[in-house]
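See structure below.
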Amino acid sequence: MIPLFLLFGIFATVQSLRPEITNPPVTGEVKVPHEVQTILRNSCYDCHSNQTNLTWYDKIVPASWLVAQHIKDGRNGLNFSEWDKLSPADQKAKLWESVNQVSQGAMPLQSYTLAHPQAKLSQNDIKVLQNYIWSLRVNNKPQDTAKIEALNDQSAALKKVENSAKIPQTPNGIAYVADYKNWAVVSTTQRLDNGTMRIIYGNDIAIKAIKEKKINPWPDGAILAKAAYEEIEDEDGNISQGAFKQVEFMSKDHKKYKKTNGWGFSRFKTTELIPYGKRADFVIECMNCHKPMEKNDYVFTLPIRQ
C-alpha cells in the first residue's frame, strides 16, 4: 500500500505539468441579440472564445489537461472572439452549425458538462437559439425566374464533367461518384442560413444497414452522399430543388480511414465538381465538425425512421 505522504508528493509534483491556458486578445465579437449573447457566454464561451473563465478545479492536474484540450479544439473549430475573421456568409453558417449541434445534444460535450453543469442548455435556451437562426433565414422569392433558369442551364455543364475521361478526386484520393443520384434518399435537411436544401442519399450497403437497423456503427462499404441545392419556392410556399451547389461523400472503411474514425471524407463544388481541399489533411476540418456526433458514428443526419 502506497503511503499517503507519497501519494500527496506525486500529486503535488504533477501540478508542475499543468498546461498553460491563455486568453488572446478579442478581435471581434459576434453581434447577436442580448438573450442569444447571454446563452452563448454561459454555455459556449469557455471553450469557443478568448474569454475562458477557469474554475479552481479546472486548474488542477489531470483535469486541466482535459480542459486545455477542450479549449484548443473549441477555438480551432469556432472562436466567437475572432468573429471578424469570418465572412458574413461563414458567420451565418457557423451559427447554423452551432445551433444544429446544440439541438441534437452534441454540444456542449457531455465530458465537459459533467464538471461544468452550468454550461447545459435548457429547452428554453435551445428554443431562443432556434428562433434566432430562423430569423436569419434567406427569403426565397416565389417563382424566382433566375433560379429556375440556373437549374436548367447547369444540367448540361454537370453532365459534361461527369462524362469526362478524368474523374475528379479530392487530395486524399477519393473519387467523385456520379451514380449517387440513383441511390435511395435517406433524409433531407434545410440550411436556413443560406436558403439551400440538402438531399442525403445512401448506396446499397448503406440502405441495407438502415433496413436492418445496423448503423451504429455503419458497415464498411457504406457511402452517404449529401447534395446541396438552392431552394425554389412557389407561390404556395412549397419548396423544390433548385440549382446544384455541391456534394459531399462519407465513405466507411474502418481500416482505410482509421485516422478519421473509419470515415473517408470528400467534397466536390459547383457544376465543375471542383475537389475541396488543397492537401489531404483537409479531412481534419471534416472530422472536427463531425466529432460531436461520436455516439452516432459521427453521422449528423440520421435516416428517416420507418
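Straight-line reach only, C-alpha to C-alpha below 23 angstrom: list the lysines that Lys59 could link to, leaving out same-chain residues fewer than 8 apart. Result set, ordered by chain and number: Lys72, Lys120. In whole Hz and in residue order, list the ³J(HN,Hα) couplings for the stretch 118-125 that follow from phi through the Karplus curve 6.51 cos²θ - 1.76 cosθ + 1.60, θ = phi - 60°; x for Gly and Pro. Each residue of the stretch 118-125 in turn: 5, 7, 5, 9, 7, 4, 5, 4 Hz.
Here the gap between His254 and Glu20, fully extended at 0.36 nm per residue and compared with their Cα-Cα distance, gives a gain of 80.7 nm. Per-residue extension of 0.36 nm, minus the Cα-Cα distance of Ile205 and Lys166, leaves a gain of 11.4 nm for this segment.
Quick one: of Lys85/Lys226; Lys159/Lys269; Lys245/Lys269, which pairs are farther than 18 Å apart, Cα to Cα? Each step should come with its number before you reach the end.
Working: Lys85/Lys226 27 Å; Lys159/Lys269 14 Å; Lys245/Lys269 6 Å.
Correct reply: Lys85/Lys226.
Placing a label point 7 Å from the Cα of Asn124 along the Cα-to-Cβ line, the residues of the stretch 72-103 whose backbone N sits under 19 Å from it are 103.
Distance between the 7 Å Cα→Cβ label points at Thr27 and Ala178: 4.3 nm. Site pair Ile284 and Asn42 shows an inter-label distance of 3.5 nm when each label is modelled 7 Å from Cα along Cα→Cβ.
Computed from phi, the 3J(HN,Hα) profile of the stretch 54-63 under the Karplus parametrisation 6.51, -1.76, 1.60 (θ = phi - 60°) reads 7, 7, 5, 7, 5, 8, 9, 6, x, 4 Hz, with x in place of Gly and Pro.
No lab work stands behind these numbers, since they all come straight from the coordinates. Every value quoted in this text rests on a predicted model; they were computed, and no experiment measured them. Positions of Cβ are generated from backbone atoms using ideal geometry, with glycine treated the same way; all protein chains shown enter the neighbour counts.
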